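K.L.:
I'd like to ask you about the structure that follows.
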Amino acid sequence: MISKSKVFSVTFLIFLFFFFSGFSFAQKDVVEKTIWIPDSLSQVPWPNALAYNSQNNKLYVGGGWKILVVDGTSGEKLALIEMNGSIGGLLYNPNNNKLYCSVGAGIDEVVIIDGETDIQTSSIPVTVGPGGLLYNPISEKIYCTGVYESVSIIDAQAETLLTTIPLGIYVESRGFNSTDNKVYFGGTLDCVLVIIDGENDVVIKRISKCISDIAYNPEANKLYCTNPPHNLLIVIDGATNSIINSIEVGEWPLSVVYNPSENKIYCANHHEGTISVIDAFSETVMNIISVGYDPTSLIYNPLDNKVYSAHYGNGVVGIIDCQSDTLIRMIATGYGSWILTYSLNTDKIYCVSYGNATLSIIDGETDLKTKALITGSSPRDLFYIPSLNKIYASDGASDKVYVIEGGTNSIMNTVKVGIWPTEVAYNSINNKVYSLTKDNVSVIDVETDSLLTTVELDASPSYVVYNPLSNKIYASSSKGKKLYVINAEVDSLLRTIDVGSSAKDLAYNSANNKIYLSSGYDCLKIYDGETDELRDSIYLGYFISEILYNSLENKIYCCAGGLKVLDGETDSVLTEIGIYDPVALTHNFFQNKIYAGSRDSLFVIDCVFDTLLKSIEAEGPPILTYNPTNNRVYYANILYDYISVIDGWRDEFITTVEVGEYPKALVYNSENDKIYVANSNSNISVIKCSRLSGDLNLDGDINILDPVFLAYYLLKSGEAPLTFKTADPNCDDKINLADVIYLANYVLRDGPPPC
């Protein structure tokens, strides 16, 4: 029974409403925690540069805006150097123990780093879009090429820019002639080899040949240049700058290396999967070594007389004995293996894998991989399971799915799955998670967080959706032009449907048990969820980027030029909402509104009448998710490092929250009221959402109307609060008059704010 004194107190507080106005309360969304995957130094998700410090036995792995420093012997991560732009290339100068890093993204400079302390000491402005670097030890110069077909030349002693020379080509290969002090720049796009005098910094000659790689023979003063379009190895006389021979090798030669011990040339034939061995004296092919799929780059080990070939697509490094010219073994290094370097100090070969973000260390004597460390992770998708309060994060770089405990926001389990996991789906009937990988669907037991099985597919799947009515998993393959149907009870492939063109985004209609698939350029295919038969194909006249199903209205919303709306019952097009090129959708089911994000706007759609309510200026392209507890939309711009927060009542941007680099996915944790953001720089940002606890009437503010609302609910059986959290401002896990008094005291007497 409620006492008369409590009723009087509430009545008095309500009466005071007529004398007070303008009281409001707005909480901020803030980053509560950053979850590193797997550790705080692993922030190089796409390594594209590698350099070895011979004086301090350190390896520098560059990618994105970071340089990871690694001990050359143990492989231990030592430090992380943050740059102010994207890294184009790395080069180490043993004469002054300094590292040179070209930095783009509008910065356009070469940053000089002390090799002892790993601290930036100076920077030099260079050509636009700086990339690869080359060192001239005779003249003590550093050469930095740019995207606009020029090269900047730096005095390594004075640390000043000497000049910038226009080359007229997009540079892919670089070489140095130690006998005549000449520098070479070649490319396959413009089919020109440019020769520069290393002393006077002037162009000596231009040779019309497509060159992808250059190796130099100091004994004979000759250059060996790969010519992919014509399957040739071009031989150039270093003294006369003239072509003296063309040697036929395998299909599409990409890389070349010279072995002075055997006086042999090794040429990697990318398309053919072979390495041509050429006698440098007679300049004839003496052997062909089969090494398998796509050899991309080569390096020579003089201490053990071996050549190593990195295979980008196959993810291996091949080891060749140069005395017998035989393949010793292949070592798995990870998808995207492409950059190799060798250390005479440690007799080790270092290989970075772009796709898997790993650094592999191979012992030159034993031919064993001694270490494989993750240089950076790349979380691609997030999925939240409310019943267990777990978040599953697929990490393409490490081939793992990380399991995050929603209460502590810590990694509780790690599941090794297939190569490059992307999207994740949840089977609520059998309590299993399905992770799409490069060549299969990995099935994870949610109770134990262990890999149950894999469902092998004949093409890489791109998108996934779960059908709980038929207990099936649907996975689409854009490259394979197929739709795969998996029996989620026994995890076996039921059928493979040939779509006829690229198969992309998926959506599920729970009311009519239908699967929607965007296919080809503008086709929306509709499949029966029971029989998996094609029911209809609807051509929407524009590329379909995303599909969303609204269960409240039984409608399908398709981003296809504008926003097309289909009836879920009849599959007919109801209307087209005239907005420009939306690419992302989320549903505010509390107010039944669709938010459609384009590259420069966020559109708000009324789902009852399918009319445009509002257009908000924004920055895209976006990723969107909705928080029903505080009625806010969270907008991640994949090109910037922040999340924009939109108020669902007023449909206005109210704040921004800084997160990690290039956010890729968002998910909402309903148990702890948090947003998780998967960032490309190896971490997940956890945003603590403003709860607006105490906003009972859901108008976006806390004022005297809210204790009135709660009092009316408790005393007069008025409208119930939307959520328990909203109605418990003192957080004692009870809803009673104490909450009314607490809230009124905050509004009228500057009491403590809602928790």
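The values are calculated or read from the model by the stated rules, or taken from the named source; none is laboratory data. Everything numeric in this text was worked out from a predicted model, so none of it was measured. Note that we place each Cβ from the backbone using ideal geometry, even for glycine, and neighbour counts take in every protein chain shown. Areas reflect the complete protein model, heavy atoms only, side chains present, ligands, DNA and RNA absent. Shrake-Rupley method; radii C 1.70, N 1.55, O 1.52, S 1.80 Å.
K.L.:
Kindly rank 382-391, 556-565 from highest to lowest mean number of other beta carbons found within 10 Å of each residue. Present the calculation step by step, with values, prior to reporting the outcome.
P.N.:
Values: 382-391: 18.2, 556-565: 23.4.
Ranking the peptides 382-391, 556-565 by packing returns 556-565, 382-391.
K.L.:
Now for a different question. In degrees from 0 to 90, rounded to the nearest 10, what is the angle of the helix 4-15 Cα long axis to the longest principal axis of the chain?
P.N.:
Roughly 70 degrees, rounded to the nearest 10.
K.L.:
Work out how much length I288 to E617 would gain on full extension: take 0.36 nm times their residue separation and subtract the Cα-Cα distance, in nm to one decimal. Display every interim value, and only then the final one.
P.N.:
Working: separation 329, 0.36 × 329 = 118.44 nm, distance 6.06 nm.
Going from the current span to full extension adds 112.4 nm.
K.L.:
Considering only the other residues whose Cβ falls under 14 Å of the Cβ of G131, what net charge follows from Lys and Arg at +1 and Asp and Glu at -1? Can you show the working numbers first?
P.N.:
Working: positive: R174; negative: D108, E109, E149, E172.
Result for the neighbourhood of G131: -3.
K.L.:
Next question, about the same structure. Hey, any idea what % of region 290-343's accessible area is carbon plus sulfur with a 1.4 Å probe?
P.N.:
Carbon and sulfur: 53 percent of the exposed surface of region 290-343.
K.L.:
Cα centroid distance between region 583-611 and region 472-520, in Å?
P.N.:
26 Å
K.L.:
Further question on the same structure: Accessible area per residue, 1.4 Å probe, Å², for region 587-646: what's the number?
P.N.:
Working: 2110 Å² over 60 residues.
On a per-residue basis, 35 Å².
K.L.:
Pop out the Kirkwood hydrodynamic radius of region 215-353 from its pairwise C-alpha distances, inverse of mean 1/r, in Å to one decimal.
P.N.:
About 14.9 Å for region 215-353.
K.L.:
At a 1.4 Å probe radius, which order do Y668, Y463, Y580 fall into by accessible area, largest first?
P.N.:
Numbers: Y668 25, Y463 70, Y580 165 Å².
Sorted by accessible area, descending: Y580, Y463, Y668.
K.L.:
Write out the cysteines belonging to the chain for which the nearest other cysteine Cβ is not under 4.7 Å, or none if no such cysteine exists.
P.N.:
C101, C144, C225, C267, C322, C351, C523, C558, C559, C607, C689
K.L.:
What's the carbon and sulfur percent of region 545-657's accessible surface, probe 1.4 angstrom, rounded to a whole number?
P.N.:
Working: 2040 of 4130 Å².
The value for region 545-657 is 49 percent carbon and sulfur by accessible area.
K.L.:
Size of the dipole of the chain about the Cα centre, Lys and Arg at +1 and Asp and Glu at -1 on the beta carbon, nothing else charged, in debye to 20?
P.N.:
On the way: 51 positive and 89 negative charges, 203 e Å.
Approximately 980 debye in magnitude.
K.L.:
Apply the Kirkwood formula to the chain: the hydrodynamic radius equals the inverse of the mean of 1/r over all pairs of different alpha-carbon atoms; give it in Å with one decimal. Mind dumping the intermediate values first?
P.N.:
Values: mean 1/r = 0.0341 Å⁻¹.
Value: 29.4 Å, from the Cα pair sum.
K.L.:
What is the magnitude of the charge dipole of region 564-686 about its Cα centre, with +1 placed on the Cβ of each Lys and Arg, -1 on the Cβ of each Asp and Glu, and no other charges, expressed in debye to the nearest 20? Don't skip to the answer; put the middle values down first.
P.N.:
On the way: 8 positive and 18 negative charges, 44 e Å.
Dipole size: approximately 220 debye.
K.L.:
Follow-up question, since we're still on this one. Just to check I understand the Karplus step: with θ = phi - 60° and J = 6.51 cos²θ - 1.76 cosθ + 1.60, what whole-Hz values come out for region 302-317, glycine and proline as x?
P.N.:
Per-residue couplings from phi come out as x, 6, 10, 6, 9, 10, 10, 10, 9, 10, 4, x, 7, x, 9, 10 Hz.
K.L.:
Kindly rank 306-313, 467-474 from highest to lowest mean number of other beta carbons found within 10 Å of each residue.
P.N.:
Numbers: 306-313: 22.8, 467-474: 20.1.
My ranking of the peptides, most packed first, is 306-313, 467-474.
K.L.:
May I ask which of K58/K416; K264/K348; K525/K555; K98/K264 have a Cα-Cα span longer than 24 Å here? Walk me through the numbers before you get to the answer.
P.N.:
Numbers: K58/K416 29 Å; K264/K348 22 Å; K525/K555 15 Å; K98/K264 32 Å.
Where the Cα-Cα span goes over 24 Å, the pairs concerned are K58/K416; K98/K264.
K.L.:
Using modelled backbone amide H atoms (1.01 Å from N, in-plane), which distant-in-sequence or interchain residues come within less than 5 Å of R535's amide H?
P.N.:
When sequence neighbours closer than 5 places are left aside, the close amide H contacts are I526, Y527, D528.
K.L.:
Still on this structure: At a 10 angstrom cut-off on C-beta neighbours, averaged per residue, how do the peptides 262-269, 526-533 rank from highest to lowest? Walk me through the numbers before you get to the answer.
P.N.:
Working: 262-269: 23.4, 526-533: 15.5.
Highest to lowest by the protection proxy: 262-269, 526-533.
K.L.:
First select every other residue whose beta carbon is under 13 angstrom from the beta carbon of K614; then total the charges, Lys and Arg +1, Asp and Glu -1.
P.N.:
Numbers: positive: K593, R650; negative: D606, E617, D647, D651, E652.
Neighbourhood net charge equals -3.
K.L.:
With +1 on each Lys and Arg Cβ and -1 on each Asp and Glu Cβ, how big is the dipole of region 354-433 about its Cα centre, in debye rounded to the nearest 20?
P.N.:
Values: 7 positive and 8 negative charges, 54 e Å.
With Lys and Arg at +1 and Asp and Glu at -1, about 260 debye.
K.L.:
Helix-only mean residue ellipticity at 222 nm, the chain, DSSP H runs n ≥ 4 weighted -39,500 (n - 2.57), per residue, nearest 500. What is it? Don't skip to the end; give the middle numbers.
P.N.:
Values: 3 runs with 37 residues, N = 755.
Only helices count here, giving -1500 deg cm²/dmol.
K.L.:
What does the extension gain come out to for T163 and I204, with contour length at 0.36 nm per residue minus their alpha carbon separation?
P.N.:
On the way: separation 41, 0.36 × 41 = 14.76 nm, distance 1.59 nm.
Stretched out fully, the T163 to I204 stretch lengthens by 13.2 nm.
K.L.:
Report, ordered by chain and residue number, the lysines lying within cross-link reach of K182, taken as a straight Cα distance under 16 Å and ignoring same-chain residues fewer than 8 apart.
P.N.:
K141, K205, K222
K.L.:
Let me have the relative contact order for the chain, percent, based on Cα pairs under 8 Å that are six or more residues apart. Can you show the working numbers first?
P.N.:
Details: 2145 pairs, mean separation 58.8, N = 755.
Relative contact order of the chain: 8 percent.
K.L.:
Still on this structure: I want the local charge near K416. Using Cβ-Cβ distances under 12 Å, sum +1 for each Lys or Arg and -1 for each Asp or Glu among the other residues. Provide the component values of the computation, followed by the final result.
P.N.:
Numbers: positive: K400; negative: D395, D399, D449.
With Lys, Arg at +1 and Asp, Glu at -1, the neighbours total -2.
K.L.:
Return the carbon/sulfur percentage of the accessible area of region 122-167, one whole number, probe 1.4 Å, all protein chains in place. Write down the numbers at each step before the final one.
P.N.:
Details: 1000 of 1750 Å².
Roughly 57 percent, rounded to a whole number.
K.L.:
Would you work out if region 474-539 is rounded, prolate or oblate? Take a ≥ b ≥ c from the square roots of the eigenvalues of the alpha-carbon gyration tensor; rounded if a/c is under 1.5, else prolate when a/b is larger than b/c, oblate otherwise. Could the numbers behind the result be given before it?
P.N.:
Numbers: a/c = 2.02, a/b = 1.22, b/c = 1.66.
Cα axes put region 474-539 in the oblate bin.
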